[in-house]
Amino acid sequence: MDISQLSQAIAISALPVLFAITLHEAAHGYVARHFGDMTAYAQGRISLNPLRHVDLVGTIVVPLLILLASGGRFLFGWAKPVPVNYSALRRPRQHMLWVAAAGPASNLGMALGWALLLKLAIVLPHNLYTDAMSAMATIGLQVNLVFMFLNLLPILPLDGGRILASLLPHRAARRYAKLEPWGLPLLILLLVTNMLSVVLGPLVDASFTLIRHAVLL
């Protein structure tokens, strides 16, 4: 990939990746506030402004490095985690499930939004603008599906782990919570051994194909 192609890939990918990462975090804060935890609100994190959620390393540096290393084929990153005070929720175990689920749900919503933009790019008269719109919408759809399925993995501290902990019986949930320090090393191991792609790839590809076919109808 030459410099011009890389610059184009960054320009097209920047907005979808930024919103996929940051609005995922904002969704956690909105739902936590709904269930009584005002921590994120007090820190100004209940916002659709991506700049409030940007982490220099996770939202900018890491995605750029991964984009370079993969030749523009893969993107990954994170935003500043929205603080959630478990004990401040009115019904902590039950409500934490919804707080955790809000992130992946927001990615699903954004994926469907990008799919509608893709449909618009297809039905409009073809030109350079619709080409760029189609490319951005395709990336937005793919990135949000990756983030949704990644965060639904039942590994703490991912959202899927929080959801599972909320569903387990109390004793099992406490034992499961003790595994959280091993979550990040496990994710890194899955990433470097390519097992993460093996697990997520079929889910993302099948969902992308299904949504794209629905859009093209």
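The values are calculated or read from the model by the stated rules, or taken from the named source; none is laboratory data. Note that the coordinates shown come from a computational prediction; the quantities given were computed from them, not determined experimentally. Every residue, glycine among them, receives a Cβ derived from its backbone with ideal geometry; neighbour counts consider all protein chains shown.
What do you reckon, is LEU203 in contact with a Phe, Trp or Tyr (Cβ under 8 Å, 6 or more places away or on another chain) and either closer than 30 Å to LEU116 by Cβ or not hydrophobic (A, V, I, L, M, F, W, C) (or both)? Against the criterion (in contact with a Phe, Trp or Tyr (Cβ under 8 Å, 6 or more places away or on another chain) and either closer than 30 Å to LEU116 by Cβ or not hydrophobic (A, V, I, L, M, F, W, C) (or both)), LEU203 qualifies. Residues of the range 157-169 that are within 20 Å of VAL82 (Cβ to Cβ) and outside any helix (DSSP H, G or I): PRO157, LEU158. Restrict the check to the range 196-216 and report whether at least one residue is surrounded by 12 or more Cβ atoms within 10 Å (Cβ to Cβ) and not in a helix (DSSP H, G or I). No, the range 196-216 contains no residue that is surrounded by 12 or more Cβ atoms within 10 Å (Cβ to Cβ) and not in a helix (DSSP H, G or I). Counting the residues of the range 175-190 that are part of a helix (DSSP H, G or I) and in contact (Cβ under 8 Å) with a residue 12 or more places away in the chain gives 7.
Only one entry in ILE163, ILE211 is touching a residue at least 12 places away in the same chain (Cβ under 8 Å), more than 23 Å from ILE12 (Cβ to Cβ) and among the β-branched types (Val, Ile, Thr), namely ILE163.
Taken over the range 118-129, the criterion of being in contact (Cβ under 8 Å) with a residue 60 or more places away in the chain and either more than 15 Å from LEU216 (Cβ to Cβ) or among the β-branched types (Val, Ile, Thr) (or both) is satisfied by ILE122 alone.
Considering only the range 118-129, state which residues are more than 18 Å from ALA20 (Cα to Cα) and part of a helix (DSSP H, G or I).
First, pick out the residues of the range 118-129 that are more than 18 Å from ALA20 (Cα to Cα): 119-129.
Correct list: LYS119, LEU120, ALA121, ILE122, VAL123, LEU128, TYR129.
Being buried (at least 21 other Cβ atoms within 10 Å of the Cβ), hydrophobic (A, V, I, L, M, F, W, C), closer than 18 Å to LEU23 by Cα and at pLDDT 90 or above is a description that applies to MET110.
Within the option set ALA132, ALA115, ALA172, being touching a residue at least 60 places away in the same chain (Cβ under 8 Å), assigned to a helix (DSSP H, G or I) and surrounded by fewer than 18 Cβ atoms within 10 Å (Cβ to Cβ) holds for one residue only, ALA132. The set of residues in the range 142-156 being of a type outside the set (A, V, I, L, M, F, W, C) and part of a helix (DSSP H, G or I) consists of GLN142, ASN144, ASN151.
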